[in-house]
Amino acid sequence: RAADRGEPGASVAQARERSGMNALLLEERQHEGRAKEFIVNKTRDGVALDLGGIGKGYALDVAREALESWDAQAALLSAGESTLLPIGRPEWRGGWPVRLGAVPQDPLSGRKIELAGRALSGSSFEMQGRHILDPRTGRWAAGKAGAWALAPAAAEADALSTAFLVMNREE
């Protein structure tokens with residue numbers, strides 16, 4: 001690998017050649033009495049798929065569908081410390097009491113909120129180190145300690161918090 005030889009520009013170029021939606025083929029299947037199934041195939045060698053930006057949120061959305069089909073009235077679903085999805089509200093409050101994760105230098109760090117009607121997701125460099133690439137540059141995203149997003153679906157909140165981490169203030 002070029003990166004192993006100290007050629008960071010070469011590794012970015014190589015990564016860009018192996019990335020993008022044209023490297024994947026998505027097939028949707030519907031099964032009788034079951035939810036849709038998606039099959040993902042690579043269109044070329046050297047391609048890897050990482051669902052880290054939406055995977056936990058999507059899993060929570062699927063769990064919510066299952067619980068609601070079983071008539072669950074109130075629950076707070078959690079995928080680790082970073083993504084939460086409420087179903088209904090607790091009887092004793094207007095929403096589920098949650099505290100935003102502790103991220104150094106983040107002004108929202110540790111803030112308490114009552115979560116209801118929307119999913120919450122957070123992304124942070126401090127919690128997980130360098131793990132988010134800016135697709136515009138092919139380099140590690142930098143500049144913010146953390147980002148939070150509220151959205152109707154957990155996959156959407158998960159994707160937005162990741163995107164917010166790489167976006168500048170104007171975006």
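Annotations
- Entry comment: accessible area of segment 46-86 is 60 Å² per residue, from protein heavy atoms only and a probe of 1.4 Å.
- Taking θ as phi - 60° and the Karplus parameters 6.51, -1.76 and 1.60, the scalar couplings of segment 60-66 work out to 5, 4, 5, 4, 4, 4, 5 Hz in sequence order, x denoting glycine and proline.
- Close amide-amide hydrogen proximity is noted between A119 and A151, A153, each under 5 Å apart and 5 or more residues distant or on a separate chain (H modeled in the peptide plane; Pro and chain starts excluded).
- Candidate aspartates and glutamates - alpha carbon under 17 Å from K42, same-chain residues fewer than 8 apart omitted: E17, E27, E28, D50
- In order through segment 80-91: 3J(HN,Hα) via Karplus (6.51 cos²θ - 1.76 cosθ + 1.60), integer Hz, x for Gly, Pro: x, 8, 10, 9, 10, 9, x, 10, x, 9, x, 4
- Sequence-distant residues sharing a close amide H with W96 (under 5 Å, placed H): L115, A116
The values are calculated or read from the model by the stated rules, or taken from the named source; none is laboratory data. Here the structure is a predicted model, which means the values were calculated and not measured. Side chains included, ligands, DNA and RNA excluded: accessible areas come from the protein's heavy atoms. Shrake-Rupley method; radii C 1.70, N 1.55, O 1.52, S 1.80 Å.
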